Each structure stands twice: as structure tokens, then as C-alpha cells.
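S.K.: Mind looking over this structure? Questions follow.
Values quoted throughout were computed directly from the atomic coordinates according to the rules given, and no laboratory measurement underlies them. Since the model is a prediction, treat every value here as computed from it, not as a measurement. Neighbour counts run over all protein chains shown; Cβ positions are idealised from the backbone, glycine included.
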Amino acid sequence: MRRNLEIPQGKRTAKYRFFEILPGAISYGAIILLFLLSWLDPTLGAIYLFILIASTLVKAISIAYRTVQGYEVIKRAKRVDWRGRIEDLSHPHEAFEKLRDDDNKSYHFSEHVENLKLMAAMKGDYPDPAKIIHIVIVTAYDESIEILRPSIEAISKTTFPNDHIIVALAYEARGGEAIEKTVKTLNSEFKSTFKDFILIKHPADLPDEVIGKGPNLTFAGEALAKYVDKKHLPIENIIVTSLDSDNRMHEKYLDSVAYEFITHPRRQHLSYQPVSLFMNNIWDAPAPTRVIAISNSFFNIITTMRPHALRNFASHSQPFQALKAMNFWSKRTIVEDGHQYWRSLFFFGGDYSVLPIRIPIYQDAVIGETFWQTVKAQFVQVRRWDYGASDVAYVGTRLFTSKENRPVSFWRLFPKFWRLLDGHVTLAIMAPIVAFGGWVPMIMNLSAHTMVGYNLPNIVSIVETFAAIGLIITVLISFRLLPPRPAKYHKGKEAIMLLQWILIPITSILYQSIAAFYAQTRLMLGLYMEKFDVTKKVIKK
């Protein structure tokens with residue numbers, strides 16, 4: 001049965017509006033409930049607050065553990081010879097006989113030996129490694145050549161053969177003459193570097209489209225589908241990776257994806273998700289956006305260690321055959337990356353998952369022309385991400401419906417819906433509750449001299465101290481993630497990188513809580529965000 005994958009436009013049904021309002025209603029309700037319980041009885045308020053704070057402590061401990069674990073896994077993955085392993089897949093029986101008695105007992109090595117054993121038994125019933133083709137779609141709006149050129153150069157420097165890579169530079173007509181000049185220059189520079197280098201211009205103001213990255217990607221996908229047919233390329237062997245203009249893939253990324261694609265029998269029902277690290281220009285970014293960039297990098301490291309909760313984010317790879325079947329990405333949302341997870345899950349009737357690729361794709365931290373432009377641009381970027389709360393209605397209406405209309409079984413979909421809803425509510429409420437919640441029971445009952453009310457701020461402070469242990473661990477690992485310090489900066493810059501973490505309370509409230517409340521409030525009021533506010537990319541000289 002062909003399912004309707006599209007987000008509604010215009011007037012929503014009452015049911016859809018209920019789920020659009022739900023995240024904001026719970027977030028506002030959680031804050032109001034603290035004041036209400038504290039007014040009725042400070043002990044009730046204290047118990048409610050303590051439950052929320054305790055959950056934060058548990059999450060902080062988990063975050064610290066997953067951060068260390070994820071960092072080590074990424075290090076190991078970057079050391080793997082993925083190109084050599086793909087070559088092994090071309091003759092799996094011989095490679096298995098050669099490696100089966102090797103003393104290397106690492107997880108990645110043992111997994112590879114097991115894969116060779118399975119491939120040998122399949123006797124060629126899997127994609128020929130020599131016929132795998134990568135199509136990399138680089139999306140652009142009006143970015144300068146200084147931003148785009150390094151991203152394309154990074155593709156050309158991967159260990160995957162360039163004569164099996166097609167680069168499609170998908171740019172917006174809205175970008176004007178400047179982007180036209182830029183893409184033509186890049187075309188002249190890279191035309192002979194890859195199997196092909198294709199320019200695809202997305203026209204402005206097409207019907208049934210928001211102004212965003214999704215329509216650009218889908219327009220490029222449709223053009224590439226015609227290209228693949230014309231060139232008689234094996235669509236079942238093509239993997240598509242979408243990149244933003246500032247994304248620079250690690251040299252082993254394409255080989256790692258190709259390896260996983262070949263060795264997984266459900267390859268067409270998978271997305272392949274790299275670890276997005278906002279490290280390209282981290283030394284140049286001002287302290288507030290550095291904190292946000294590194295924090296988001298850690299979040300991506302942590303989620304890669306929780307495959308059951310992993311969803312598409314920013315750059316990701318997906319088989320061309322699957323993309324074409326589902327008509328590529330959504331053209332009706334500004335958060336097409338996270339939405340692609342739900343779109344794919346429903347298209348495949350639940351037989352879909354995101355496979356973590358423990359190889360990074362590096363992205364830019366936000367930098368504007370001035371400090372205040374940077375602060376504003378960072379908020380605009382985060383509120384766009386937080387608009388992913390719009391997926392609550394997209395999923396909720398499909399979960400709470402009749403069995404015959406439900407695309408995925410209730411008990412399989414419900415935990416995913418709950419994590420989606422809980423994640424957006426937590427994003428909105430936890431920073432202000434941790435920062436100020438301890439004072440609410442006492443302030444709401446100044447006349448009630450209860451021991452609980454007056455000691456609660458101290459109790460919360462103790463819990464926060466334990467939670468800070470997780471922050472210390474992430475700070476230490478952050479220094480290991482940093483690229484080498486540019487020569488233009490003195491060693492004192494490293495001390496500033498340490499002191500910047502005192503901004504965590506401010507950045508958490510401004511860029512986590514307020515941005516989330518902003519997005520959820522817009523959804524509550526039906527003021528939909530239908531324009532992708534491009535984060536300005538600036539090169540700091």
C-alpha cells in the first residue's frame with residue numbers, strides 16, 4: 001500500500017493541531033506545575049523538582065559515559081583500513097582464509113572476519129565492490145568559493161576512487177549572480193577530477209515547496225534520476241550523500257559507507273549516519289558559539305552510541321534506489337534531515353533504521369561579520385533545529401489512528417514517538433529548572449518556614465555538583481577533538497578555550513531553552529516556519 005508521506009499544508013485537522021500544540025503545552029505546563037505545586041505546598045514542589053533534577057543527574061552520568069565511549073569508538077574507526085577491507089570483499093573466501101587465524105582481536109577486525117565468512121557463503125549475492133558509485137550532492141545558496149572549494153576538495157581526497165564518485169553541486173537560483181559565478185568556477189576546477197561534476201540549479205518559487213534545503217535536494221535528486229537512466233548506471237549500487245556547503249568529509253568516510261552498504265543485506269532499508277563535528281573553524285569562532293558547536297558535537301558523538309535512538313541529522317547517506325522510490329526528501333519542511341527518518345520509516349512500513357558510521361564529517365561553527373551578528377545567527381540556526389518539534393504531529397497522527405492506517409505497529413512506534421516528544425520537552429524546560437527551580441518552592445511560600453523549602457537550593461546545588469563531573473569529562477575530551485591550533489593564535493588561546501565553559505548556564509538557557517520554546521510556541525499558534533533561514537558562512541581572515 002502506497003502511503004501518504006507528505007506534511008499537510010494550509011489548514012490542519014483538529015487532530016494534527018492537537019499534536020502540534022502538545023510539545024509546547026507540556027513544556028509550559030511543566031514550568032507552571034512547579035510554581036503551582038510550590039504554591040499549594042512547598043514539599044510537593046520540592047518533590048516534583050527533585051524528580052526532574054534527579055533525572056538530569058542520571059542523564060549527565062550517561063552522557064559522560066557515552067562521550068568517553070563514543071570518542072574511543074571514533075578513534076578506532078578512523079584507524080581502520082576501510083579501502084583494504086572493501087578490496088577484501090572482492091575475494092571474500094581468500095581474504096577469510098588469510099585473516100581467520102590473525103591475532104588481531106579488535107572489535108572492528110573480528111566483525112570484518114565474520115563479514116568475510118558470510119560474504120563467502122553468499123557466493124556473490126551482494127553488490128560488486130568494484131561497481132559501487134557514490135553520488136555526493138553539495139547544496140549551496142549564496143556561499144562564497146572559499147566555503148565551497150574546501151568541501152569539494154575534501155571529497156576528492158577521500159580514499160574512495162574518484163572515478164566512481166559523481167559530485168552534484170545543487171545551487172539555488174535565489175543565490176543570484178554571485179553563486180552562478182562561483183559554481184562555474186568550481187565546475188572548471190573539478191570537472192575532470194571525478195567521474196562527473198554536475199551543476200543543478202533549483203528554480204525559485206516552485207509550487208508546493210517551502211524555502212529550504214529539502215526542495216533543493218529533491219530537485220537535484222529528480223535531475224540525477226534522469227541522469228542515471230540516461231547513463232545506464234546501476235541504480236541499486238549507487239549511494240547518495242547530501243552535504244551542506246561547509247561540510248568536509250573525513251578521507252575514509254565514503255569507503256566506510258560503501259563497506260557497510262555491501263555487507264548489510266537490508267542495505268536499501270538503511271540510512272548511513274556519520275558523526276557531525278562542528279570543528280572546521282572552531283578556533284576562529286567566538287566563545288558562545290564555540291561552546292554551542294562543541295556541545296552539539298558531543299551530542300552527535302553520544303547519539304552514535306545509541307543506534308536505537310539515532311535519526312538522520314545534517315549530512316547523511318542513503319541508497320539512491322530507496323530515495324527515488326520515496327520521491328527523495330520532503331519539500332514541505334525546513335528540517336528535512338530529521339524528518340527524513342520518519343519519512344523513510346513510514347515508507348518502509350517500519351523496516352528501516354539508521355546505521356551509525358563512526359567516521360566524522362566536519363562542519364563550521366557559526367561565525368558572523370560581528371560578534372552580535374554571530375550571536376543572532378547562532379540563535380537562528382538552533383531555533384531551526386528545534387523546529388524538529390513539528391515532527392511530533394507528523395508521527396503522532398500516524399501513531400494514534402486505526403490499525404489499518406497505522407504505518408508501523410503501535411508498540412514499535414510508540415517508544416520512538418515518546419523519545420521524540422520527551423527530547424523536545426526536555427530541551428525546553430531543563431536549563432531554566434536546573435538554574436532557578438531550587439528557589440521556586442521557597443519564593444512561592446515565603447510565609448511557610450519549612451526545612452525542605454529553605455534547604456532545597458542547597459540540595460539542588462549538591463546534585464548539580466555531581467552533574468558537573470560529566471561536564472568536566474566533556475571539557476577534557478573537547479581538547480582532544482580540537483584541530484591543531486592555528487599559528488596565528490598564541491598558546492593563551494587554549495586557556496580561553498577552557499574558561500569558555502563558564503558560559504554553559506547562559507548558552508543552555510539562551511540557545512537551548514529559549515530557542516526550543518520559540519519553535520514550540522510558533523507551532524502552538526500555527527505560525528509555521530516555512531523558510532530556511534540560511535546561516536551566514538563567514539571566513540575569518
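S.K.: Let's see if you can work this out: charge +1 on each Lys and Arg Cβ, -1 on each Asp and Glu Cβ, no other charges. What is the dipole magnitude of the chain about its Cα centre, in debye to the nearest 20? Each step should come with its number before you reach the end.
M.R.: Details: 64 positive and 51 negative charges, 77 e Å.
Charge dipole, the chain, about its Cα centre: 360 debye, nearest 20.
S.K.: Obtain the nm distance between the two label points defined at Lys231 and Ser192 by a simple spin-label model: each point lies 7 Å from its Cα along the Cα-to-C-beta direction.
M.R.: A separation of 1.8 nm, rounded to one decimal place.
S.K.: Give me the extension gain from Leu33 to Val68: residue separation times 0.36 nm, minus the current Cα-Cα distance, reported in nm with one decimal.
M.R.: 9.0 nm
S.K.: Shifting gears a bit: Radius of gyration and Dmax for the range 212-314's Cα atoms, expressed in Å?
M.R.: For the range 212-314, the Cα-based Rg and Dmax read 16.5, 51 Å.
S.K.: What ranking of His91, His316 emerges when the number of other C-beta atoms within 10 Å of each C-beta is taken as an exposure proxy, fewest first? Intermediate results must be reported in sequence, preceding the final value.
M.R.: Values: His91 15, His316 23.
Ranked by crowding around the Cβ, least crowded first: His91, His316.
S.K.: Further question on the same structure: Within a 10 angstrom radius of the beta carbon, how do Lys252, Lys98 rank from fewest other beta carbons to most? Spell out each step's value before the answer.
M.R.: Details: Lys252 22, Lys98 13.
So the residues, fewest neighbours to most, are Lys98, Lys252.
S.K.: For the range 155-221, divide the Cα radius of gyration by the Kirkwood radius and give the resulting Rg/Rh value with two decimals. Walk me through the intermediate numbers first.
M.R.: On the way: Rg = 13.5 Å, Rh = 13.1 Å.
Taking Rh as the inverse mean 1/r over Cα pairs, Rg/Rh reads 1.03.
S.K.: Among [x] 71, 56, 42; [y] 81, 70, 46; [z] 79, 56, 52, only one was calculated for this model; which label is it, if the read-out is Cα extents along the principal axes in Å?
M.R.: It is the value labelled [z].
S.K.: Would you mind ranking Trp501, Trp82, Trp372 so that the residue whose beta carbon has the fewest other beta carbons within 10 Å leads the list? Numbers along the way, then the final one.
M.R.: Working: Trp501 18, Trp82 25, Trp372 9.
Going from least to most buried by this count: Trp372, Trp501, Trp82.
S.K.: Same structure again: Please work out how much length the chain gains when fully extended from Glu177 to Asp128, using 0.36 nm per residue of separation minus the C-alpha to C-alpha distance, in nm with one decimal.
M.R.: Working: separation 49, 0.36 × 49 = 17.64 nm, distance 4.26 nm.
The Glu177-Asp128 span can extend by a further 13.4 nm.
S.K.: Need the full-extension length gain, Asp102 to Gln9, defined as separation in residues times 0.36 nm minus the C-alpha distance. One decimal, nm. Show your work: numbers first, answer last.
M.R.: Values: separation 93, 0.36 × 93 = 33.48 nm, distance 5.85 nm.
So the chain would gain 27.6 nm between Asp102 and Gln9.
S.K.: Using the structure shown, list the pairs from Lys181/Lys376; Lys98/Lys252; Lys213/Lys531 with a Cα-Cα distance above 18 Å, or answer none. Before the final figure, lay out the partial values.
M.R.: Working: Lys181/Lys376 29 Å; Lys98/Lys252 24 Å; Lys213/Lys531 10 Å.
In this structure, Lys181/Lys376; Lys98/Lys252 exceed 18 Å between Cα atoms.
S.K.: What angle, in degrees between 0 and 90 and rounded to the nearest 10, separates the Cα long axis of helix 42-79 from the longest principal axis of the Cα atoms of the chain?
M.R.: Once rounded, the angle reads 20 degrees.
S.K.: Calculate for the chain the 222 nm mean residue ellipticity that helices alone would give, adding -39,500 (n - 2.57) per DSSP H run of length 4 or more and normalising by residue count, nearest 500 deg cm²/dmol. Show your work: numbers first, answer last.
M.R.: Details: 20 runs with 300 residues, N = 541.
Computed ellipticity for the chain at 222 nm equals -18000 deg cm²/dmol.
S.K.: Relative to the longest principal axis of the chain, what angle (0 to 90°, nearest 10) does the C-alpha long axis of helix 371-386 take?
M.R.: Helix 371-386 and the main axis of the chain meet at about 80 degrees.
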